[in-house]
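The next block holds one structure in the form of structure tokens; read it before the comments.
Throughout, read-outs are computed from the coordinates displayed, never taken from laboratory work. Because the structure is predicted, anything quoted here is derived from the model rather than measured. All Cβ positions, glycine included, derive from the backbone under ideal geometry; neighbour counts span all protein chains shown.
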Amino acid sequence: MVAGGLAALALKWKVIVKTFQGLGAKDVDEGGDFPMRWVVWGAIACTVVLAAVQKISLGFPLWLTFVSVLLSLILMLVGIRVLGETNWAPISAMANVMQAVFAALAPGHVPINMIGSGMSGAVAANGEHLMQDYRAGKIVGSTNRNLTILQLIGVPVGALAVAIAYPMVRAKYGVGGEGGLSSPISVKWAGFAELLSKGFGALPASALQALLVALVLGVILTLLEARPKIAAWVPSPTAIGLGMLIPGFAVVPIALGGVIQAMWRKVSPKTEDVYNIPLASGFITGEALVLLVLAAVASFK
């Protein structure tokens with residue numbers, strides 16, 4: 001998945017160059033975006049504050065914070081491409097790439113590995129989520145500028161909501177163990193950090209061989225996807241990778257939902273076009289709301 005994403009970016013190098021050539025824009029364009037100059041200076045200011053906070057509260061080296069932010073830009077570009085292709089944000093997989101980088105920068109230091117890769121993964125994740133927000137805003141007629149302002153307002157509101165909701169959910173369900181909230185990706189992330197702290201020598205030789213084979217295949221499949229005549233018949237390396245990483249309890253319902261949608265579209269295209277997205281959104285949001293309500297009720301007992 002990572003090799004495919006990087007290879008696709010390399011093929012689109014002209015687009016990336018044009019993106020960075022726009023950093024000197026002075027005025028807000030007709031699309032409602034902020035000037036890139038504002039974004040750059042805002043990112044620099046936030047990076048300085050982040051470095052100070054992590055140094056004071058977590059003992060994280062200042063220079064590693066700046067390295068993390070720079071690397072997260074590349075990570076974000078890859079993550080956005082994967083999101084656009086599969087509609088699934090590969091947050092954990094992208095963070096694992098940063099884990100390998102921090103294993104080289106700070107060998108044997110698990111806390112630094114977790115903090116650095118988590119920070120870079122968070123930047124990539126927020127970039128992916130922002131693209132979804134911009135797309136939704138375009139559908140309803142909003143502008144990227146207004147959505148960015150709302151995002152900035154939502155940061156402290158979201159932080160407060162998490163500070164209140166998470167303790168309730170943890171008290172109700174617990175984390176890990178039997179009956180608790182499970183997070184297979186987090187377990188993989190923590191295990192990967194421990195593995196990297198011990199060195200790649202702890203891995204079987206066959207695992208490293210499989211890694212190299214997958215890297216080569218990811219590049220080859222991406223190059224084949226760039227050929228229009230055969231692109232429709234080439235499997236996506238990002239989709240294959242995600243299907244191997246996401247737990248079955250998430251993949252199977254996605255597959256079933258896709259089958260149901262395809263059958264619905266065959267039987268009644270008009271109703272499927274109108275009701276499919278609201279119905280699917282209701283399933284996702286409803287599950288989260290019910291979980292939170294049950295936790296809130298339990299906390300007041």
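The HN-Hα couplings worked out from phi for the stretch 109-115 by the Karplus form 6.51 cos²θ - 1.76 cosθ + 1.60 (θ = phi - 60°) are 10, 5, x, 5, 4, 5, 5 Hz, whole numbers, x standing for Gly and Pro. Protection proxy ranking, highest mean first, for peptides 279-291, 110-122, 131-143: 110-122, 131-143, 279-291, where packing is the per-residue count of other beta-carbon atoms within 10 Å, averaged. Its Kirkwood hydrodynamic radius, worked out from the mean inverse distance over all distinct Cα pairs, puts the stretch 247-301 at 13.2 Å. Packing, taken as the mean count of other beta carbons within 10 Å per residue, orders the peptides 96-108, 249-261, 52-64 from highest to lowest as 96-108, 52-64, 249-261.
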